[in-house]
Amino acid sequence: MKAPLLLTTAIIAKKRDGQELTRDEIAFIVDGITHASIPDYQIASWAMAVLCRGMTTAETAALTDCMLDSGDRLRPATDRPRVDKHSTGGLGDKVSLILAPLLASIGLDVPMLSGRGLGITGGTLDKLESYEGFRADLSEDEIDQQLRSIGCVITGTTKQIAPADRKLYALRDATATVPSVGLITGSIMSKKLAATLNALVLDVKFGSGAFMQSIDQARELLSSLVATGKRMGVRTTALLSDMNQPLGEMVGNACEVNEAVEVLRGGGPNDVRELTLQLCAQLVASISDATNHNGDQHDVQSAYQRLADELDSGRPLERYREMITAQGGRFLDHLSLHPEHVVTASTAGWVAAVDGQAIGNTVISLKGGRARMGDPIDSKSGLKIIAKVGQEVAAGQPLAHVYAADGSERAVQSVRDAIQLSDSPVAPLTLMPPVEPN
Ligand code: URA
């Protein structure tokens, strides 16, 4: 049945005029999205009014609740604490692949519902599908079964989870209404909270390789996400991370899987290890805070040490291998990549910037990422960006490697152009700046 056109028009006009919508009005809109009883042009117009006028905390809360209620929630499979992480997406972000088995290895359940890559940031499911046979379409029963036996699962969001978001997101994407903090909060939190969690940690990224370009925008989104999680009874904490250069060295699907496995072996780039351990420590402290009522910085530090020791024990790697195998993947110690081509510095200097958009677009040009939903992925192509902001380099020194079947010459030139050199020293970046401004 079609929702009354005039009622929807009145709600859009109220928002357009800057008035706060009631919970019932938001529920009416979400119901109309879910049951296709409001035409797309009205939903798009409502989204534009929200983008221009913003949402109050109460409106954001109502939107998240209603989108969550538009679908199923996963039920707890065991009596272990259930935790998860959400990252707003950044170049080279392979943290989920390490975090899920590491937390499972210390006795937590991690029901991670992930997405695919679109645009410059990669998707965790695409990375895992670099393993031949890996399945990312587990049913709710299969998720439960795997949590009982292994403690972690990384799979796609099912059609029954937050269906209103699926429809609304597609319309926002087509109508330039994605960058609204309220709409982003409702979208992310309705999907994450459907996993019925005890604790959630958010990795909110900013910079040229991230969705939010400035630290101020990232802080605004962080506050909205954390407030919404807490209000919905989930222990929610967050870190900010700088994506003005890729995380780690590897960017691309099989490339990133190989780097994640190195970290699970106790090695790999320090920034990947550090961010993963800090995010895990937040979750462990949140859970112990729930039992001890004394969660503080000391809890985070002791959790960090325990997690670092666990990572070095080799047990999380074993858990990871079990997860890949349980989901049908053929685990290999090292996935093969396309032939390597070196990018060298044309002059001496200090690395001043690594343009994330340009690096991401190069990976897309090699088919390591998608320009459009549904585009095929070539998991063997990618980049290794060795140069880090602040590093001094000599002329001719390798800055990066390109892994490409063809089109390597253009890719080598684009990567060289994306790595900007300065003739005076440059300060290195701070990976995790303080959440609160100084
Ligand atoms: N990721 C989401 O899941 N939703 C948004 O709105 C933006 C990023």
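Laboratory data are not the source of any read-out in this text; all were calculated from the coordinates shown. Note that this is a predicted model, so its numbers are computed, not measured. Neighbour counts are summed over all protein chains in view; Cβ atoms, including those assigned to glycine, are modelled from backbone coordinates with ideal geometry.
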Report the antiparallel proportion of the DSSP beta bridges in the chain as a percent, rounded to a multiple of 5.
50 percent
Counting helices only, and only those DSSP H runs with n ≥ 4, report the 222 nm mean residue ellipticity of the chain as the sum of -39,500 (n - 2.57) divided by its residues, in deg cm²/dmol to the nearest 500.
-14500 deg cm²/dmol
For Glu20 and Asp79, what does the FRET efficiency come to when R0 = 41 Å and r is the distance between their Cβ atoms, rounded to the nearest 0.05?
0.50
I'd like the trypsin sites (Lys or Arg not before Pro) in the stretch 333-400 restricted to DSSP loop residues with at most 11 other Cβ atoms within 10 Å, sorted by number.
Arg372
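Taking the stretch 20-128, which GluC sites (Glu not before Pro) meet the DSSP loop condition and have no more than 16 other C-beta atoms within 10 Å? Kindly include the intermediate steps, with their values, before the conclusion.
Numbers: sites: Glu20, Glu25, Glu59; in loops: Glu20.
Here the sparse-neighbourhood loop sites are Glu20.
How long is the gain from Ala395 to Arg306 if the chain were fully straight, where each residue apart is worth 0.36 nm and the alpha carbon distance is subtracted? Could you put the intermediate results ahead of the total?
On the way: separation 89, 0.36 × 89 = 32.04 nm, distance 4.28 nm.
Stretched fully, the Ala395-Arg306 segment lengthens by 27.8 nm.
FRET efficiency for Arg330 and Leu7, Cβ-Cβ distance as r, R0 = 56 Å, nearest 0.05? All intermediate terms of the calculation are to be shown ahead of the outcome.
Numbers: r = 54 Å, r/R0 = 0.97.
It comes out at approximately 0.55.
As a test, work out the antiparallel percent of DSSP beta bridges whose residues both lie in the stretch 83-326, rounded to the nearest 5. Display every interim value, and only then the final one.
Values: 2 of 21 bridges.
The antiparallel proportion sits near 10 percent.
Run the numbers for His35 and Ser139: contour at 0.36 nm per residue of separation, minus the present Cα-Cα distance, in nm.
Working: separation 104, 0.36 × 104 = 37.44 nm, distance 2.30 nm.
Additional length available on full extension: 35.1 nm.
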Using a 7 Å offset from the Cα along the Cα-to-Cβ direction at both Arg315 and Leu171, what is the distance between the two label points in nm, to one decimal?
4.8 nm
Ordering of 197-207, 331-341 by burial proxy (mean other Cβ atoms within 10 Å per residue, highest first)
197-207, 331-341
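Rounded to the nearest 0.05, what FRET efficiency do His298 and Ala227 give with R0 = 30 Å and r taken as the Cβ-Cβ distance? Could you check? Intermediate results must be reported in sequence, preceding the final value.
On the way: r = 25 Å, r/R0 = 0.83.
About 0.75, to the nearest 0.05.
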Could you identify which residue out of His86, His401, His298 has the top mean-square fluctuation in a GNM of the chain using Cα springs shorter than 10 Å?
His298
Per 0.36 nm of contour for each residue apart, how much would the distance between Thr57 and Asn270 grow if the chain were fully extended, relative to their Cα-Cα spacing?
73.0 nm
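Going by average Cβ density within 10 Å per residue, which order do the peptides 123-133, 100-110 take, highest to lowest?
Values: 123-133: 20.9, 100-110: 24.0.
In decreasing order of mean packing, 123-133, 100-110 become 100-110, 123-133.
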In terms of Cα to Cα distance under 19 Å, which aspartates and glutamates are near enough to Lys159, apart from those fewer than 8 places away along the same chain?
Asp31, Asp65, Asp69, Asp72, Asp126, Asp137, Glu140, Asp141, Glu142, Asp144, Asp173
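Of Lys85/Lys191; Lys192/Lys230; Lys127/Lys167; Lys85/Lys367; Lys94/Lys380, which ones are farther than 19 Å apart at the Cα?
Correct reply: Lys127/Lys167; Lys85/Lys367.
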